[in-house]
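Beneath this line is the structure, given in structure tokens, with notes to follow.
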Amino acid sequence: GTSDHFLMISRGASLTALGSADMPIVLTSNAPVGSRAPRDWRGLVLLGGGPTQAVDQTVDLTTSTDDLRGQFGGGPSAAPAGSCGELSHVRVEFAGGRGNPTDSPSSALTFAACGRDTSIDHIQVHRGSDGLGLIGGQPFLRNVVVSSSAGDGIEWSGGFTGSLQYVIVQHRAGGGTGLAIKGSNSEGDPTALPVSRPEIFNATLV
């Protein structure tokens, strides 16, 4: 991808991306090798209809807030099941937003309101602006590596109640200015339901 390009999986759709250890699926910058950098392109965004603090939230990626393709979330009473797809041995590189408050989501790889039937195993986010973004929903992510982010490694908000297991976040020396892990519920209302409460097992922060 280049500039503002992104791959968005709309609510109701799903992505199946099954690589292997020897042949991972790589989503990366179109810039020449050696000159690639965070924010070269916007990244991969998967949208679902799982539990969120509001119904029909909109990501700031499409040209209009009336564009239904950018909506996600079914509100606090939405069913926790549901799938945004299946990803295995996938790497997202040199992606993410522009690093300002109106650029949401800014992560290189974002899961917004994805249900617990979403299958995420063996993924890497490398040299993103922010690495992995989790907004609402209840997915279970296993074998996750986030390396050399310019900002935060893993960030959640909006009532994220999923799980992560076997996680490594590595900030390069003198590189990223953000945090390895940053979690919040809602800046406007810290008591908004569902309250963010992820479960994290076997995590290493470097």
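The values are calculated or read from the model by the stated rules, or taken from the named source; none is laboratory data. Bear in mind that the values here come from a model prediction, so they are computed numbers and not experimental data. With ideal geometry, Cβ positions are generated from the backbone for all residues, glycine too; neighbour counts draw on all protein chains shown. Side chains are part of the model used for accessible areas, which takes the heavy atoms of the whole protein and leaves out ligands, DNA and RNA. Shrake-Rupley method; radii C 1.70, N 1.55, O 1.52, S 1.80 Å.
Descriptive notes on the structure:
- Residue pairs whose Cβ atoms lie under 7 Å apart, sitting 6 or more positions apart in sequence or on different chains, and linking a residue in the stretch 20-34 that is farther than 19 Å from Leu44 by Cβ to a partner that is modelled with pLDDT of 95 or more and surrounded by 13 or more Cβ atoms within 10 Å (Cβ to Cβ), are Ala21/His89.
- Residues in the stretch 21-71 that are in contact with a Pro (Cβ under 8 Å, 6 or more places away or on another chain) and among the β-branched types (Val, Ile, Thr): Val45, Thr52, Val59.
- Some residue of the stretch 53-71 being open to solvent by less than 10 Å² (accessible area, probe 1.4 Å) and at pLDDT 95 or above: no
- Filter pass, Asp152 being farther than 24 Å from Gly19 by Cα, under 13 Å from the mean Cα position of the chain (by Cα) and modelled with pLDDT of 90 or more: yes
- Answer residue from the stretch 138-193, given it is surrounded by 23 or more Cβ atoms within 10 Å (Cβ to Cβ) and of a type in the set (S, T, N, Q) and is farthest from Arg127 (Cα to Cα) among those: Gln138
- Scanning the stretch 91-124 for residues that are modelled with pLDDT of 95 or more and either among the acidic types (Asp, Glu) or more than 27 Å from Pro194 (Cα to Cα) (or both) turns up Arg91, Val92, Glu93, Phe94, Ala95, Asp117, Asp121, His122, Gln124.
- Exactly one residue among Ser184, Ser163, Ser147 is closer than 18 Å to Leu44 by Cα and small (Gly, Ala, Ser), and that residue is Ser147.
- Test: Arg127 is among the charged types (D, E, K, R) and surrounded by fewer than 24 Cβ atoms within 10 Å (Cβ to Cβ): no
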